[in-house]
Amino acid sequence: MVGSASSGEKVQVISAYALRMTCFFRQGHTVLILAGELDPYNWPDFRRVLNTIRDEGEGSLIVVAAPRTYLDSTNLGALARVMKTLRAGDPVRTVHLVAPDSHSYVNRLLRTAGLTRVFPLHATLESALAAVSGHETDG
């Protein structure tokens, strides 16, 4: 993806500040796996990856937050901006989040802030893929 990945090929981008991002395509959609801390130090790396996904990605964006992933408000705002630009280009494209651990920071943050209406939240990548494909939702 970031560069020249073919469908299904994983591309890993490692930030210098305790963040690993892995991006690949699955079932016509872009999947971004985050592991680590998304904070002001690695915001430029995260923004660069999101901009590439916006410009070169396929379908909707599914962001998978690995256990113990931290997401600050700056990076949450970056996700909101990419959602807005995805929808402006194609109203069907959206951003879904996967937080497998119901007690994770990302899961609690989205639920407490009422952001699950903006970013549908799923327990598994498979359920998010089904939702973006119009088959089901578990948000």
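The values are calculated or read from the model by the stated rules, or taken from the named source; none is laboratory data. All of these numbers come straight from a predicted model, not from anything done at the bench. Cβ atoms come from the backbone with ideal geometry, glycine included; neighbour counts cover every protein chain shown. SASA here: full protein model, heavy atoms, side chains in, ligands and nucleic acids out. Shrake-Rupley method; radii C 1.70, N 1.55, O 1.52, S 1.80 Å.
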Item checked: Correct option for Rg/Rh (Cα atoms, Kirkwood Rh) [calculated from the coordinates] among (1) 1.00; (2) 1.10; (3) 0.92 -> (3)
Item checked: Heavy atoms of Asp72 accessible to a 1.4 Å probe, total area in Å² rounded to 10 -> 20 Å²
Next item on the list: Could you tell me which of Ala80, Tyr17, Ser60 has its Cα farthest along the dipole of the chain towards the positive end, charges placed at Cβ (Lys, Arg +1; Asp, Glu -1), taken about the Cα centre?
Entry: Ala80
Margin query: Let me cross-check Lys10: its accessible surface, 1.4 Å probe, with only protein heavy atoms counted, in Å² to the nearest 10?
Written below: 130 Å²
Note to self: Show me, for region 23-34, the HN-Hα J-couplings you get by feeding each phi into the Karplus relation (A = 6.51, B = -1.76, C = 1.60, θ = phi - 60°), rounded to Hz, glycine and proline as x.
What the structure shows: 10, 7, 9, 8, 6, x, 10, 9, 10, 10, 9, 10
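Report, in debye and to the nearest 20, how large the dipole of region 18-105 comes out about its Cα centre when Lys and Arg carry +1 and Asp and Glu carry -1 on their Cβ. If you can, show how the numbers build up before the last one.
On the way: 10 positive and 9 negative charges, 34 e Å.
Magnitude of the dipole: close to 160 debye.
Of the heavy-atom accessible surface of the chain (probe 1.4 angstrom), what whole percent is carbon and sulfur? Working shown, then result.
On the way: 3640 of 7010 Å².
Heavy-atom surface of the chain belonging to carbon and sulfur, 1.4 Å probe: 52 percent.
Given a Förster radius of 25 Å and the C-beta distance between Tyr105 and Glu126 as r, what FRET efficiency does 1/(1 + (r/R0)^6) yield to the nearest 0.05?
On the way: r = 22 Å, r/R0 = 0.90.
Efficiency computed from Cβ-Cβ geometry: 0.65.
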Notebook entry, point to check: Leaving out ligands, DNA and RNA but keeping every protein chain, what accessible area does Val118 have, in Å² rounded to the nearest 10, with a 1.4 Å probe?
Noted result: 70 Å²
Margin query: Can you list residues from other chains, or at least 5 along the same chain, whose modelled amide H is less than 5 Å from the amide H of Leu38?
Written below: Tyr70, Leu71, Asp72
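Counting only heavy atoms of protein chains, what accessible area per residue, in Å², does the chain have with a probe of 1.4 Å? Don't jump to the answer; show the numbers that get you there.
Numbers: 7010 Å² over 139 residues.
Solvent-accessible surface per residue comes out at 50 Å².
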